[in-house]
Amino acid sequence: MAPRAAARLETLGFDNVREYRAGKLDWLAAGLPTEGENNNCPRAGDASRKDVIVCGLKDRIGEVRGRATAAGVDLAVVVDDERVVLGMLWSKQLELDPDLMAEKVMRPGPSTYRPYVPIKEMADHLVEHDHDSAPITTSDGKLVGVLYKSDAIRLAASATACVRKMIT
Amino acid sequence: MARLIDRETVRQMVKDGAQLVEVLPKEEYAEDHLPGAVSHPLKQLDEEAGELDPNRPVIVYCWDSA
């Protein structure tokens with residue numbers, strides 16, 4: 001759309017036209033501020049819980065489970081040194097042999113979602129796909145937090161549906 | 001043909017006075033737009049182009065490269 005707009009403006013006599021082809025998606029993915037109605041309702045990043053239990057590939061399940069239990073949660077996120085998400089330990093994996101390493105039992109390559117997705121869309125998505133929670137990451141895969149379906153549904157109750165769908 | 005620019009160049013050019021134009025439908029502009037952008041949807045561009053200053057740079061954008 002932008003290439004055609006730029007071309008049309010040039011034919012209309014504008015001789016200094018530039019095209020930001022990466023567009024609004026690139027801007028949002030960089031975490032830069034926007035203006036508009038979506039700023040009145042929370043987004044996935046705002047609503048995600050930041051006090052997430054994280055562990056490394058070599059951490060033992062028993063130790064991770066202990067931390068998760070103490071925190072009152074039933075999941076942990078396996079990350080690398082830069083907090084890039086590598087896998088998930090859901091309750092089922094946390095119940096396995098405590099001597100196993102996270103790397104051996106994690107669910108690799110989980111679906112992740114960007115912080116800018118409006119909460120209404122996130123809630124609908126989690127319900128539709130029957131996910132109780134979802135990791136929220138930056139576009140380069142770094143963990144922002146975990147969004148729980150219950151939080152998303154509660155916050156989405158007063159939010160309106162958006163025209164632009166942001167989950168791709 | 002319009003020159004392609006990246007995010008940082010957008011920020012600098014807007015700071016220097018360039019006009020930022022979102023060409024998506026107005027409903028999408030209403031939800032989210034870049035700070036300072038104006039809405040001129042592609043389908044209405046012919047009628048609305050006169051609202052732009054031809055003496056200042058114009059930056060157009062939509063959702064992504066698609």
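Where a number appears in this text, it was derived from the coordinates with a stated rule and is not lab data. What you see is a predicted model; the values in this text were computed from it and never measured. Don't worry about glycine lacking a Cβ; one is built from the backbone with ideal geometry, like all the others, and counts go over all protein chains shown.
Using the Cα gyration tensor of the range B:7-61, with a ≥ b ≥ c the square roots of its eigenvalues, what is the shape: rounded (a/c below 1.5), prolate (a/b larger than b/c) or oblate (neither)? Oblate, since a/c reaches 1.5 and b/c is not below a/b. Each Cα pair under 8 Å and six or more residues apart adds its sequence gap; the mean of these over the residue count of chain B is a relative contact order of 40 percent.
Loop-located trypsin sites (Lys or Arg not before Pro) across the range B:2-66 with a Cβ neighbour count of 15 or fewer within 10 Å are lacking, with loop assigned by DSSP.
Residues of the range A:133-168 with an amide N closer than 18 Å to a point placed 7 Å from the Cα of A:Ala71 along the Cα-to-Cβ direction: A:133-138, A:142-152. Residues whose amide H comes within less than 5 Å of that of A:Leu147, counting only those at least five positions distant or on another chain, are A:Arg49, A:Ala134, A:Ile136 (H built at 1.01 Å from N in the peptide plane).
Note on chain A: with charges restricted to the Cβ of Lys and Arg (+1) and Asp and Glu (-1), its dipole about the Cα centre is near 280 debye. Working note: Karplus 6.51/-1.76/1.60 with θ = phi - 60° gives the range B:33-39 the couplings 8, 5, x, x, 6, 10, 9 Hz, where Gly and Pro are set to x. Listed by chain and number, the lysines placed with their C-alpha closer than 27 angstrom to that of A:Lys50 are A:Lys24, A:Lys58, A:Lys92, A:Lys104, A:Lys120, A:Lys142, A:Lys149, A:Lys165; residues fewer than eight positions away on the same chain are left out. Only one residue of B:Ser65, B:Pro54, B:His40 has its Cα farthest out toward the positive end of the dipole of chain B, where Lys and Arg carry +1 and Asp and Glu -1 on Cβ, and that residue is B:Pro54. If you take the Cα centroid of the range A:75-92 and the Cα centroid of the range B:1-58, the two points sit 40 Å apart.
With contacts taken as Cα pairs under 8 Å at a separation of at least 6 residues, chain A carries a relative contact order of 24 percent. Sparse packing (at most 10 other Cβ atoms within 10 Å of the Cβ) combined with a DSSP loop state is found for the following GluC sites (Glu not before Pro) in the range A:70-156: A:Glu82.
Going from the fewest other Cβ atoms within 10 Å to the most, the residues A:Ile136, A:Ile167, B:Ile5 appear in the order A:Ile167, B:Ile5, A:Ile136.
Full extension of the chain segment joining A:Arg154 with A:Asp46 gains 37.5 nm, where the gain is 0.36 nm per residue of separation less the Cα-Cα distance.
Ordering B:His33, A:His129 by the number of other Cβ atoms within 10 Å of each residue's own Cβ, fewest first, gives A:His129, B:His33. Distance between the modelled labels on A:Lys58 and A:Lys142, one decimal in nanometres: 2.3 nm (7 Å Cα→Cβ projection).
Sorted fewest first by neighbouring Cβ atoms within 10 angstrom, A:Ser111, A:Ser139 come out as A:Ser111, A:Ser139. In terms of its alpha-carbon gyration tensor, chain A comes out prolate; a/c meets the 1.5 threshold, and the first ratio a/b outweighs b/c.
Along the range A:83-95 the Karplus relation, 6.51 cos²θ - 1.76 cosθ + 1.60 evaluated at θ = phi - 60°, assigns HN-Hα couplings of 6, 6, 6, 10, x, 10, 10, 8, 4, 4, 6, 5, 8 Hz to successive residues, with x for each Gly and Pro.
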